[in-house]
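All of the numbers you see were taken from the coordinates with simple rules; none came from a lab. In this text the structure is predicted, and so the values were computed from the model without any measurement. Neighbour counts run over all protein chains shown; Cβ positions are idealised from the backbone, glycine included.
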């Protein structure tokens, strides 16, 4: 234990404290400014940075995926605790700063690229880097820990949940409104497809709310730290995750319409109206119910019933 603590203290000497003054000086020295079009808002409250990393509960068995390396401040902070950090940065200027900051860490892989191939898939190189780090030891597990750019927060989190990667925790800084949508329940207006998709497979919690002044430059909205922990038992209830994902996305496109009407339209080529009625009847749903009124577990059950009905239908 003493050796581990000494090693941690020595390693922490390599970590630069990312304050507003430090960042302003760094950007001035290099002659560029944060890019608003890429959502570059840097955490400057050291207590919050440390709280995010504590929330991640990092161990030497963890591979961390960080999207949005920025200047590398949180990257190096995590590198002294995790087994490996795979960090992805799109912007050339930020990548150069991050390389200067984190390039000396043997357990950090920096990728200069877009983390997403498209809105529904990670870039293959990101998955390959994560899998390579996981393959070092069978005990290794994946955690996403990041100050996510607002414009990619939804696809990053949603796509990771959709993979078969052995992730055990997501701790991410995102827009407060999005965090509340992820954790929403049927009685809340922002309950939607994203809420259902995530909560059907994980426990979702808004762990901390943050005002604009903890960032530089200051965003125009409040932010939050959202935490997701996988729930394997809940995920097992989904018979076909691809079908379920498509089902909830299409269903909430018409959230105000009656469930039966929407489902009949969605699967008009696969199921007759009588087949839809038979499938829905198995769930004993209230007459005139809308999809947005149903809890996550019941939407999973409805999805399973419809998929089974399609597989049995002579129309398909």
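Okay, here's what the table says:
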quantity	calculated
Normalised alpha carbon radius of gyration of segment 11-98 [divisor 2.2 N^0.38 Å]	1.08
Antiparallel bridge percentage (DSSP; both residues within the chain; nearest 5)	50
Whole-number Å³ per residue for the convex hull built on Cα positions in segment 35-80	74
Relative contact order %, segment 2-236, counting alpha carbon pairs below 8 Å whose residues are six or more apart	18
Modelled label reach - residue 253, point 7 Å along Cα→Cβ, segment 267-304 residues with backbone N closer than 13 Å	267-268
Given [x] 59, 46, 39; [y] 80, 46, 32; [z] 68, 43, 32, the label whose value is Cα extents along the principal axes in Å derived from this model	[z]
Of every Cα-Cα pair in segment 194-316, the percent that sits beyond 22 Å	44
Part-to-part distance (alpha-carbon centres) for segment 90-162 and segment 23-79, which is given in Å	13
Distance-filtered residues of segment 274-316 - backbone nitrogen under 20 Å, label point 7 angstrom along residue 236 Cα→Cβ	296-305
Extent along principal axes [Cα atoms of segment 253-312; Å; largest to smallest]	27, 20, 19
Segments 116-129, 22-35 sorted - mean Cβ within 10 Å per residue, highest first	116-129, 22-35
Fraction of the pair-distance distribution of segment 48-116 above 14 Å, Cα-Cα pairs, percent	51
Inter-site label distance for residue 20 and residue 284 at 7 Å from Cα along Cβ, in nm	5.8
